[in-house]
Amino acid sequence: MRFLTSGESHGPALMGILEGLPAGLPISLDYLNAHLRRRQKGHGRGRRMQIETDEVQITAGVRHGHTLGSPIGLLMPNRDWKNWEETMAAGPIEGPVKRVVTVPRPGHADLVGGIKYGHEDLRNVLERASARETAMRVALGTVARRLLEEVGIVIASRVVSIGAISDPTPMDLPVANLNQRVDDSPVRCLGSEAEAEMVAAIDAAKEVGDTLGGIVEIYADGLPIGLGTYSQWDRKLEAAIGEAFLSMNAFKGIELGLGFESARVPGSLAHDELSPGPDPIHSPRRVNYLSNRGGGIVAGMSTGQPLVLRAAMKPIATLMQPLKSVHSLSGEAVEAHIERSDTCAVPAAAVIGESLLALVLAEFVLEKFGGDSLAELLPRVALWRELNPF
């Protein structure tokens, strides 16, 4: 399974192609758009979320509500395009180009991208490097999520910190119920006290023209044991997850299970001990894990336990109180360019993370079980679960 996205932030539309899904998978626009709306929510988002509706169109690969097995094409028109038609026109224009950007923002792709591709107008960089691209990845990931649901895998997320504010509330409910709980929170966290403090921190940052990052926690439950492999470096499950998450705008770190904490404790507190199943003679479940410090992955393979990962998002690079920068043509010291942006997008990043994980897990499910249609795939997964229950 593979996917591609295309499109600029203020261009006519975002486009996506997802190839490799089996035929016969039920999919609907209502389902896709519901998850796209989740990405648009969250305290600290900017005015762009009030302009865009983020409604996707299916242009290929689906007929009468079911996938065909051919590549799936998705199109998401940008409503703001009407205000940028001349600025972002594909063809040549007469007269001076509007909204030229010649001052890079520290922490954004502007400077290095302009040097790499030889662009004097840095808008040629920032329009594609914008987090707007993640809207299409959520759409594609939602199609992958639909496949995972058919095989019994559910994905959810929450925010565990924004800036210096952390939510110590333990995750004590089923993964399948988590999103229903936190989607009602303006910052998608579990604790009401932490929620109020996070909202206040975002408001304070906005007041002074600053931005905030944070940490999100993503869960996947119902994984069959044995997705991925130890036998080759690039087919390890956590390797693919790491690649997917580090490809996300502003994500600067990822950890699974104990993560970095496992480097601070002795081996006796870092690994998951095993015990016999409840009835080793009659029960097909022969082994139990006594903890989940590995986050559901060991040696590149899923253990059958819930997958738990955290991703760190840095503060957004566009500040309304701009940082110091340098004019890319004259070399003079100036303040950084200001582009419409968010104060905090951590709640949205959690939702985006769900889609990134869905794309990876769907690929590994299809790699292990195969099948050109859902009718082929489902019995194979069911048989494996029957032989290796967890």
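At-a-glance table
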{"item": "Residue tally, condition small (Gly, Ala, Ser), closer than 14 Å to ALA135 by Cβ and either under 18 Å from the mean Cα position of the chain (by Cα) or surrounded by 18 or more Cβ atoms within 10 Å (Cβ to Cβ) (or both), over the stretch 1-33", "result": "5"}
{"item": "Pair list, Cβ < 8 Å and 6+ apart or interchain, from the stretch 247-265 residues that are over 12 Å from GLY295 (Cα atoms) and in contact (Cβ under 8 Å) with a residue 60 or more places away in the chain to residues that are among the polar types (S, T, N, Q) and not in a helix (DSSP H, G or I)", "result": "ASN249/SER130"}
{"item": "Which listed residue, of GLY213, GLY277, GLY242, is out of contact with any Pro (no Cβ under 6 Å at 6 or more places or on another chain), among the small types (Gly, Ala, Ser) and at pLDDT 95 or above", "result": "GLY242"}
{"item": "Residue check, ALA139 at pLDDT 95 or above, in contact with a Ser or Thr (Cβ under 9 Å, 6 or more places away or on another chain) and hydrophobic (A, V, I, L, M, F, W, C)", "result": "yes"}
{"item": "Output for the stretch 56-87, where each listed residue is assigned to a loop (DSSP other than H, G, I, E, B), surrounded by fewer than 19 Cβ atoms within 10 Å (Cβ to Cβ) and of a type in the set (A, V, I, L, M)", "result": "LEU68"}
{"item": "Residue check, GLY95 over 25 Å from ALA345 (Cβ atoms), more than 20 Å from the chain's Cα centre (by Cα), in a loop (DSSP other than H, G, I, E, B) and modelled with pLDDT of 95 or more", "result": "no"}
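Results for (1) under 30 Å from PRO347 (Cβ atoms); (2) surrounded by 12 or more Cβ atoms within 10 Å (Cβ to Cβ); (3) in contact with a His (Cβ under 9 Å, 6 or more places away or on another chain), shown as yes or no for each residue.
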| residue | (1), (2), (3) |
| --- | --- |
| LEU227 | yes, yes, no |
| SER275 | no, no, no |
| ARG286 | no, yes, no |
| ASN292 | yes, yes, no |
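The values are calculated or read from the model by the stated rules, or taken from the named source; none is laboratory data. Nothing here was measured: the structure is a model prediction, and the numbers come from that model. Cβ atoms come from the backbone with ideal geometry, glycine included; neighbour counts cover every protein chain shown.
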